[in-house]
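The values are calculated or read from the model by the stated rules, or taken from the named source; none is laboratory data. What you see is a predicted model; the values in this text were computed from it and never measured. Here the Cβ is made from the backbone with ideal geometry for all residues, glycine too, and neighbour counts use every protein chain on show. Please note that ligands, DNA and RNA were not included when accessible areas were found on the heavy atoms of the full protein model with its side chains. Shrake-Rupley method; radii C 1.70, N 1.55, O 1.52, S 1.80 Å.
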Amino acid sequence: MSQAPKHPGTIVYIDGTTQKETERVDISEVPEPLRYAPTKKGLVPVVKVIAFSEGNHRTLREYGPDGELLRSTVQMASPEP
């Protein structure tokens, strides 16, 4: 990502229910498309991900260095056969 700003180096993962940190990962361990989020201002580093689980779905909210919400993704579990 040649036009991306410098990333602070880590992404913190937080359990949305308990608000406790579950993991702190160096960006070298994170796939490149997940390190940054595209915005109207350009690419912004993702530095925090909060995961909320409820029933058969999980919501991931990704935040930038200034605390701004960059994107939100809902993942649905596949039904059991």
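At a glance:
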quantity	calculated
The chain: relative contact order in percent, alpha carbon pairs under 8 Å with at least 6 residues between	24
Calculated from backbone phi, Karplus (6.51, -1.76, 1.60) coupling profile of the stretch 30-43 in Hz, x at Gly/Pro	10, x, 3, x, 8, 7, 9, 10, x, 9, 4, 8, x, 6
Positive-end extreme of charge dipole, the chain - chosen from Tyr63, Thr10, Phe52 (charges on Cβ)	Tyr63
Calculated from backbone phi, Karplus (6.51, -1.76, 1.60) coupling profile of the stretch 17-22 in Hz, x at Gly/Pro	6, 8, 6, 9, 5, 9
Portion, in percent, of the accessible area of the chain that falls on carbon or sulfur, probe 1.4 Å	51
Spatially proximal aspartates and glutamates relative to Lys48 (Cα-Cα < 14 Å; intrachain offsets below 8 disregarded)	Asp15, Glu21, Glu23, Asp26, Glu62, Asp66, Glu68
Rounded to whole Hz, the Karplus (6.51, -1.76, 1.60) HN-Hα couplings of the stretch 50-55, x for glycine and proline	10, 10, 10, 10, 8, x
